[in-house]
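Have a look at the structure below, then the notes.
The values are calculated or read from the model by the stated rules, or taken from the named source; none is laboratory data. This one's a predicted model, so the numbers in the text were calculated from it and none came from an experiment. So basically every Cβ, Gly included, is an ideal-geometry build from the backbone, and we count neighbours across all protein chains shown. What goes into the accessible areas is simple: the full protein's heavy atoms, side chains included, and nothing from ligands, DNA or RNA. Shrake-Rupley method; radii C 1.70, N 1.55, O 1.52, S 1.80 Å.
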Amino acid sequence: MNLSKIGIFAFATIAAITTAQAGISGVIVDESGTSVHNAAVTVRTLPKLIANARTLSNDKGAFSLGNAKKGQSIVVRKAGFLPETLSVVPGKKNYGSITLKRDPIETRIDSIMAKMTLDDMIALMTQAKAPAVKCGNSIC
């Protein structure tokens with residue numbers, strides 16, 4: 001008799017957790033609509049830095065996480081892009097396309113690199129610090 005009460009309690013607890021937490025999914029794309037793979041998708045209760053759940057988007061940009069609840073945020077990050085933060089909407093399971101905007105610094109780096117010659121790039125990567133030259137008791 002007590003065992004059946006425990007079973008009913010356990011089932012009710014699992015049902016309450018399942019309704020309080022909704023599985024979420026979506027697709028990460030860039031501004032041109034191209035899918036972004038290996039974007040880090042985390043669910044966290046801000047302002048805490050520790051993620052409650054995390055995953056990476058697949059090669060089609062799709063992601064799926066099993067637990068998100070009201071009061072939490074979805075944070076999407078990928079190198080070369082600005083991070084995107086969305087609030088978890090109760091009952092919403094599919095967040096559709098989440099667009100990441102390219103980081104303006106990356107665009108600037110690309111434009112500088114496009115103007116460089118191969119010799120410029122090699123020189124930039126192999127620069128060594130020149131040794132200090134002593135002039136008497138001071139460094140010149």
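Being under 21 Å from GLY91 (Cα atoms), assigned to a loop (DSSP other than H, G, I, E, B) and either open to solvent by 40 Å² or more (accessible area, probe 1.4 Å) or among the hydrophobic types (A, V, I, L, M, F, W, C) (or both) is the filter here; which residues of the stretch 46-74 pass it? Give the derivation first.
The initial filter retains those residues of the stretch 46-74 that are under 21 Å from GLY91 (Cα atoms), namely 46, 51-55, 62-74.
Okay, now just the ones that are also assigned to a loop (DSSP other than H, G, I, E, B), so 46, 51-52, 66-72.
Residues satisfying the conditions are LEU46, ALA51, ASN52, GLY66, ASN67, ALA68, LYS69, LYS70, GLY71.
Just give me the residues in the stretch 75-91 being open to solvent by less than 60 Å² (accessible area, probe 1.4 Å) and in a strand (DSSP E or B), in sequence order.
VAL75, VAL76, PHE81, GLU84, LEU86
Under 8 Å between Cβ atoms, at least 6 apart or on separate chains: pull out the pairs that start in the stretch 36-54 with a residue that is in contact (Cβ under 8 Å) with a residue 60 or more places away in the chain and end on any residue that is open to solvent by less than 30 Å² (accessible area, probe 1.4 Å) and assigned to a strand (DSSP E or B).
As it stands, the answer is VAL36/ILE28; VAL36/VAL29; VAL36/LEU100; ALA39/ILE28; ALA39/PHE63; ALA39/VAL76; ALA39/LEU100, since those pairs meet every condition given.
Do you know which residues across the stretch 98-107 are exposed (fewer than 12 other Cβ atoms within 10 Å of the Cβ) and at pLDDT 90 or above?
LYS101, PRO104, ILE105
Quick check: anything in the stretch 118-133 at pLDDT below 90 and open to solvent by less than 60 Å² (accessible area, probe 1.4 Å)?
Yes.
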